[in-house]
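Nothing in this text is a laboratory measurement; each read-out follows from the coordinates by a stated rule. All of these numbers come straight from a predicted model, not from anything done at the bench. We place every Cβ from the backbone using ideal geometry, glycine too, and count neighbours over all the protein chains shown.
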Amino acid sequence: MTMKYPCPTCAKDIEWSNENPFRPFCSERCKLIDLGAWADESYAVPAEPDLTALEYEEDMFFTAPVGQDDNSRSH
């Protein structure tokens, strides 16, 4: 007995088979539509923000380079 399932992109019923090179999609078109959705960030994996990375980025933008401060700049 062959198992049928819906294509994740178009919901067309397809058979789960080793002969389908686009599995779990029904076609290359549906596979590429899904890839495009990931590429343009329509899909996202939920995660907690990495606050240490944000703090590091803020430090890079809001601190003067070593050896410089606001008073040492020439006008």
Amide H contacts of residue 14 (H built 1.01 Å from N, under 5 Å, at least 5 apart or other chain): 5, 7
Residue list for the stretch 1-20, given a label point 7 angstrom along the Cα-to-Cβ vector of residue 42 and an amide N cut-off under 11 Å: 9-10
